[in-house]
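Asker: Here's a structure for you.
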Amino acid sequence: FRSQKHYDVMNVEDICRFELPPLADDAYLFLWRVSAMVEKAYQVCRAWGFTPKSEIVWRKLSSTGKKEHFGMGWHVRAAHETCILAVRGKPKPLVRNIRSTFEAAASRQHSAKPEIFYTDIVEKLSDGPYVELVARSQRKGWTCLGNES
């Protein structure tokens, strides 16, 4: 995997067995997946006790934000990333105007997600508390866990 060049990685079986911190009974899970591992990502959701409900697609723009991103890919070149939205219990969305797609410039840091994902989607949909697993940095108002945070 290319990601091994940038950070430590876990196999899917270990991720499924990953011990989650205490979470609310009614909770959202936002799980980013790679296109080549769709089924395995859904397996992780279910192993963690969540039911997949929808997906959010990040339509990536170039780092300047002016052109469509031209990413890696075996069959087609990736111009998007997908996040599975899953639930445990019955969380209630704070708003009902969050769209399933958004556009933002791609980061130069491998696997980094755009700030607007956190502020304009996650934090508007739910009032928290917020936990980011395998975080690469700290985020105000969030519990960020991971060996790089």
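The values are calculated or read from the model by the stated rules, or taken from the named source; none is laboratory data. It should be emphasised that the depicted structure is a prediction, and the values quoted were computed from it without experimental measurement. Quick reminder, even Gly has a Cβ in these numbers, built from the backbone with ideal geometry, and neighbours come from all protein chains shown. Keep in mind that these areas ignore ligands, DNA and RNA; they rest on the heavy atoms of the full protein, side chains included. Shrake-Rupley method; radii C 1.70, N 1.55, O 1.52, S 1.80 Å.
Asker: Hey, among the residues in segment 110-135 that are open to solvent by 60 Å² or more (accessible area, probe 1.4 Å) and part of a loop (DSSP other than H, G, I, E, B), which one's nearest to W58 (Cα to Cα)?
Answerer: H110
Asker: Taking K140 as meeting all but one of (1) more than 18 Å from A24 (Cβ to Cβ); (2) under 16 Å from the mean Cα position of the chain (by Cα); (3) loosely packed, with under 15 Cβ neighbours inside 10 Å, write down the number of the exception.
Answerer: The failed condition is (2).
Asker: Taking segment 52-78, which residues are among the β-branched types (V, I, T) and in a loop (DSSP other than H, G, I, E, B)?
Answerer: T64, V76
Asker: Considering every residue within segment 46-55, establish whether at least one is touching a residue at least 40 places away in the same chain (Cβ under 8 Å) and of a type in the set (V, I, T).
Answerer: Taking every residue of segment 46-55 in turn, none turns out to be touching a residue at least 40 places away in the same chain (Cβ under 8 Å) and of a type in the set (V, I, T).
Asker: Residue pairs, Cβ under 8 Å, 6 or more apart or interchain, first in segment 63-88 and without any contact (Cβ under 8 Å) to a residue 12 or more places away in the chain, second open to solvent by 40 Å² or more (accessible area, probe 1.4 Å) and not in a loop (DSSP other than H, G, I, E, B). List them.
Answerer: E68/R59
Asker: Turning to a different aspect of this structure: What is the residue count in segment 24-51 for residues that are touching a Pro at 6+ places or on another chain (Cβ under 7 Å) and either part of a strand (DSSP E or B) or more than 10 Å from L85 (Cβ to Cβ) (or both)?
Answerer: Of the residues in that region, 4 qualify.
Asker: Which residue, of H80, H69, H75, is touching a Leu at 6+ places or on another chain (Cβ under 7 Å) and either at pLDDT below 95 or within 15 Å of Y28 (Cβ to Cβ) (or both)?
Answerer: H69
Asker: OK, next. With the condition kept exactly as written, say whether any residue in segment 90-97 is assigned to a strand (DSSP E or B), surrounded by 14 or more Cβ atoms within 10 Å (Cβ to Cβ) and in contact (Cβ under 8 Å) with a residue 60 or more places away in the chain.
Answerer: no
Asker: Quickly run through segment 28-47 and pick out the residues that are aromatic (F, W, Y) and either at pLDDT below 95 or under 20 Å from Y118 (Cβ atoms) (or both).
Answerer: Within segment 28-47, Y28, F30, W32 qualify.
Asker: Looking at R77, R33, can you tell me which residue is surrounded by 13 or more Cβ atoms within 10 Å (Cβ to Cβ) and charged (D, E, K, R)?
Answerer: None of the others qualify; the one that does is R33.
Asker: Restricting attention to segment 47-66, and to residues there that are among the charged types (D, E, K, R) and under 15 Å from Y28 (Cβ atoms), which single residue is least open to solvent (accessible area, probe 1.4 Å)?
Answerer: Within segment 47-66, the match that is least open to solvent (accessible area, probe 1.4 Å) is E55.
Asker: Going through segment 112-138 one residue at a time, which ones are of a type outside the set (D, E) and touching a Lys or Arg at 6+ places or on another chain (Cβ under 7 Å)?
Answerer: A112, Y118, listed by residue number.
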